[in-house]
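First the structure, in the form of structure tokens, and then the observations on it.
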Amino acid sequence: MVNRQAFVAGIMSSGASCPSEYSTELGPHGPIKGVPYQRSNIDINITNHYSSKVYTSSSPIVGDVTITTKRDVRFDSIEIILLGSTRTRAEGINSPAEIAHTFLKLVMPIPTSTYPVPRVLENGRTMTIPFNFVIPNQLTIGACNHNVQTDQVRDQHVLLPPSMGKEWEKDDMAPAMASVEYAIKARVFRQPNVGGKRVRIMEARKLIQVLPASPEEPPLNITENDKLYCMYKKKSLRKLLSSKVGTLTAEAIQPRAAMLQPNGRTMTSAPMAQIQLKYEPTSSQQLASLPSITNISGKVTAHTFYNSGTVPSFPNMGNWTADFATDKRGVYSTSVPLPKIPVVQQPTWQQHNRSFDRRDSGYASDFYQPNNTSSEGETTPGIDTENRRFSPPLSKKKKSKSQSPIYFTSALLIPISLPLLRRTFLPTFHSCIASRVYTISLSITAATSNASTTFSLTLPLQVAVEWDPEQQEQQQVDGQGLPQFESLYGPGSGTGEIPEMNEEEEMAAAEEHLRPRVIGLPPDEWYRERAERQREREADRLPGPVNDEQPEVTLEGTTGGGLPGYGEAILAR
């Protein structure tokens, strides 16, 4: 079993409530196991907390822990922590493989002066200990210390995952085999013997729901090996069982991320799926009727990946359920229909003449033509990460002699609205042992006057959570934000103003600072003058200090910017 902890100590903001106690009773000859104390309470109280409250990055969690006992209880220490952990269970041949990964542990320092003297929880008296936590923006590097294939995987693993499991009011589409929990725990310890192991005599736990803020990631580099996605489809238009009317090609562009508010209940920006269409009629006789879109339907699918060991790569890329995988892994997928997508506007077809197309081998065609000659053939070439478009290789397929000299292209825009009233959409995340990604499946029906076809595409969709503006403003007010550069390095008495300099002044200042300086011995005249003064003092027998004052000189014997003190060191030798 793998168990990793990212330990961070410090005072942060928070609160909670839940009673629970585990203990043994002390008799005259030592502890009597199995005899519980009378009912005692340890409660975690969070300020302004309610069951459906959602915390995000930089959210404060302030509160206190109250302990009330029905008899005197001796203790040694009290611990209050904010704990984040991931648990997975993968089914195996013999038995399920379970794993727990603790990725976050924030410890609230408790001053010694808080404890009573002697350290005894007295009967009927309530002890109150305040705590203060802040949800961090990301984890420490120690939270992910296993081998990964790329630095991008490591960057994703040190981001906070969202709460996943049964605590949400609406279904978060998570299986029982994977869960992410955030909890505030309060524990009371006693150490029976000096140097012995501490015994936990009381404990309380309060679960909280966390949706950490996450940035929009660049589009995926999807290839034909990524079985989860289908970004390209080519279908034939036929008159029932008769001859083919034309060929319709659809190529999808990955939509932007669906951004949610910090509470996860509202979308702040709806993504737009863009489908590039290309229609190639079989002959000029089919130019009179161009395809029109008659129906669009879709669904969003949540894919939850879980593993019995650490994951070194992104599970949504490649083939996750490959037979050669040595560890126990699984994926749970569940779909929700998208709200009805109306066909607001028909595609505007633009005519192109093949005789004017460029034939240079250095340029690819507008659409990728796979080598698969089947009308149902599909492929997913690479994606240009900057423009979210495909960058397919040049097709080597020979053109048919009966191919029409004219083809048409168009773009179809499809708005995507997530059903937030029925489901809880967690942000896309990748952790060491569990991940959550989303796909959008679109089914589009196109028809001409005498033929129709339906093609399906599967697009990746990132769900992200925006930063809470109130938390950012609070950080600036409290001084927790990063200081401005000018406030640290600006000249003057903290004005933060940097004098403006033109290019010539900057070059002159650099030349003055970097000009060469050469140190040399004093000239002969200096030695002669010094010797003459010494002879005069000896002749007059007048005591007085020798004037060892020397100029700064260069090797050429001229005075000028030498290093101070260097000449005195030479003469002293």
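In this entry, residue 324 passes the filter for residues that are modelled with pLDDT under 85 and closer than 30 Å to residue 462 by Cβ.
Against the test of being loosely packed, with under 13 Cβ neighbours inside 10 Å, within 21 Å of residue 183 (Cα to Cα), at pLDDT 55 or above and not aromatic (Phe, Trp, Tyr), the options 85, 52 yield a single qualifying residue, 52.
The number of residues in the range 245-263 that are within 26 Å of the chain's Cα centre (by Cα) and assigned to a strand (DSSP E or B) comes to 5. Would you check if there is a residue in the range 323-336 being part of a loop (DSSP other than H, G, I, E, B), closer than 20 Å to residue 175 by Cβ and among the charged types (D, E, K, R)? Yes, there is a match, as at least one residue in the range 323-336 is part of a loop (DSSP other than H, G, I, E, B), closer than 20 Å to residue 175 by Cβ and among the charged types (D, E, K, R).
Is the range 187-194 home to any residue that is under 22 Å from the mean Cα position of the chain (by Cα), assigned by TED's automatic domain parsing to the domain that holds residue 65 and in contact (Cβ under 8 Å) with a residue 12 or more places away in the chain?
Of the range 187-194, the ones under 22 Å from the mean Cα position of the chain (by Cα) are none.
Taking every residue of the range 187-194 in turn, none turns out to be under 22 Å from the mean Cα position of the chain (by Cα), assigned by TED's automatic domain parsing to the domain that holds residue 65 and in contact (Cβ under 8 Å) with a residue 12 or more places away in the chain.
For the criterion of being acidic (Asp, Glu), within 26 Å of the chain's Cα centre (by Cα) and closer than 30 Å to residue 75 by Cα, residue 181 passes. Would you confirm, using the coordinates I've provided, whether residue 148 is in contact (Cβ under 8 Å) with a residue 12 or more places away in the chain, of a type in the set (A, V, I, L, M, F, W, C) and in a helix (DSSP H, G or I)? Considered against the rule, which asks whether it is in contact (Cβ under 8 Å) with a residue 12 or more places away in the chain, of a type in the set (A, V, I, L, M, F, W, C) and in a helix (DSSP H, G or I), residue 148 comes out as no. Within the range 193-244, restricting attention to residues that are in contact with a Lys or Arg (Cβ under 9 Å, 6 or more places away or on another chain) and outside any strand (DSSP E or B), the residue that is farthest from residue 83 (Cα to Cα) is 219. On inspection, residue 380 qualifies as modelled with pLDDT under 85 and surrounded by 13 or more Cβ atoms within 10 Å (Cβ to Cβ). Considering 180, 153, 158, the condition of being among the hydrophobic types (A, V, I, L, M, F, W, C), closer than 30 Å to residue 89 by Cα and free of Cβ contacts under 8 Å to residues at least 60 places away in the same chain is satisfied by 158 alone. Here the range 225-239 is the region considered, the condition is being out of contact with any Pro (no Cβ under 7 Å at 6 or more places or on another chain) and closer than 16 Å to residue 315 by Cα, and the residue that is surrounded by the most Cβ atoms within 10 Å (Cβ to Cβ) is 228.
The values are calculated or read from the model by the stated rules, or taken from the named source; none is laboratory data. Quick caveat: nothing in here was measured; it's all calculated off a predicted structure. Because the Cβ atoms are built from the backbone with ideal geometry, glycine has one as well, and the counts that use them run over all protein chains shown.
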